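One structure below.
What follows is calculated from the coordinates using simple rules that are stated; it is not laboratory data. Quick caveat, the model's predicted, so the values are computed rather than measured. All Cβ positions, even for glycine, are placed from backbone atoms using ideal geometry, and neighbour counts span all protein chains on display.
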Amino acid sequence: MLLRLDKVPEALGGAEKAMAGIYASFSGELKGSVLMLFPEESVKTLFRLLGNCELEKHSLDEYQDSLLSEVGNICLCWYLSAISKMIDVEIMPCVPVAAYDMAGAVIDLALIRMGMVSDRALLVLTDFKGEINEIHGAFLMMLEPESQKLLAQRLGVA
Amino acid sequence: MESLLIHVGIGQLRVARNPARLLCVGLGSCVAIALYDPSNKIGGMAHIMLPHEMAGRTSESMPAKFGDTAPKKLLGEMVSVGANPYVVIAKIVGGANMFKNVSPEMKDIGHENVEAVKEGLIRNHVKIIAEDIGGTIGRTVELDTSTGRLLIRNIHGRSRSL
């Protein structure tokens, strides 16, 4: 869904909800940045499944920061690669960075980056389902105006 | 009695008269400008996201998007509902850096926002009497128009008032 920037935190369940964000910019034929978001419960599940560790007091230690960045790296690269194949463009992602805080605070950097060129952002909600565990996530994709046009053209909605 | 709570979204500004509270939730690199006229108990809050307005970058739907121009707009709104601009004081909150190791152009955005807001307030002759800025933690801030007190809280449950 395409949203006005000030409506994005609400669409994700509220600006004060604890959330992890993994942010990466990308360049190539398609330029912009992407923010992957995991709510608190999903972060806990991820840490239990992958890191054998617990989230304590709403802050990440170095290991957890690295773990989240890596999860983000995999998801974001897979996501960008899918778009790249779908519309046949070259996308080169940068190394992602992670943070855990109130949703509004985690999101605002990405909104600021987007706000430099637009008042709107594209939000894609995603669920990862396993047999036992369920992890919810969201991708917030922000494209430069030229790249928005290119994406729309290639998708045939321009 | 619980007073009216007014949310101020990103890029927005709101003005309210006692009894009411103005709220900015989840500030990261964004900055909240809280203005208060103690004689008329009128408060105003703006939630800015970028430092400087440039040609072709003005925004109709987000009047308080930019730190340099939001102070004038917010003060103007307050005066239009009866505030005395000569006694209005300011408190500013936010401008954190949420992501370690983020690219240099994005790393300083919080700081740049704070500087732009300060310059904008000075240009409009509004005195800043308190601030809680920078750092690496997000903030939620609430202005009580009955007292002018600003309550700031974070995800760790710690709060302080300015």
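For chain B, modelled as a GNM whose springs connect Cα atoms under 10 angstrom apart, the maximal fluctuation among B:N97, B:N113, B:N124 occurs at B:N124. Charging the Cβ of each Asp and Glu at -1 and of each Lys and Arg at +1, and nothing else, the dipole of the stretch A:2-155 about its Cα centre rounds to 500 debye. Note that the protein assembly as shown carries a Kirkwood radius of 20.2 Å, evaluated over its alpha carbons pair by pair. As a ratio to 2.2 N^0.38 Å, the alpha-carbon radius of gyration computed for the stretch B:106-162 takes the value 1.27.
Computed on chain A, the Cα convex hull volume stands at 108 Å³ per residue.
Each residue in B:I89, B:I109 was given a count of other beta-carbon atoms within 10 angstrom of its own, and listing them fewest first yields B:I89, B:I109.
Within the shell defined by Cβ-Cβ distances under 11 Å, the residues around B:A116 carry a net charge of -3, with Lys and Arg each +1 and Asp and Glu each -1. Highest mean packing first, where packing is the average number of other Cβ atoms within 10 Å per residue, the peptides B:18-25, A:88-95 line up as B:18-25, A:88-95. The Cα atoms of chain B define a convex hull whose projected area, averaged across directions, is 9.5 nm². For chain A, modelled as a GNM with alpha-carbon contacts under 10 angstrom, which of A:F26, A:F128, A:F38 fluctuates the most? In this elastic network of chain A, the residue with the biggest mean-square fluctuation among A:F26, A:F128, A:F38 is A:F128. Largest GNM mean-square fluctuation among B:M78, B:M45, B:M54, using chain B with Cα springs under 10 Å: B:M54. Each part gets one Cα centre, and for the stretch A:99-157 versus the stretch A:9-64 those centres are 13 Å apart.
Relative to the longest principal axis of the Cα atoms of chain A, the long axis of helix A:62-87 lies at roughly 30 degrees.
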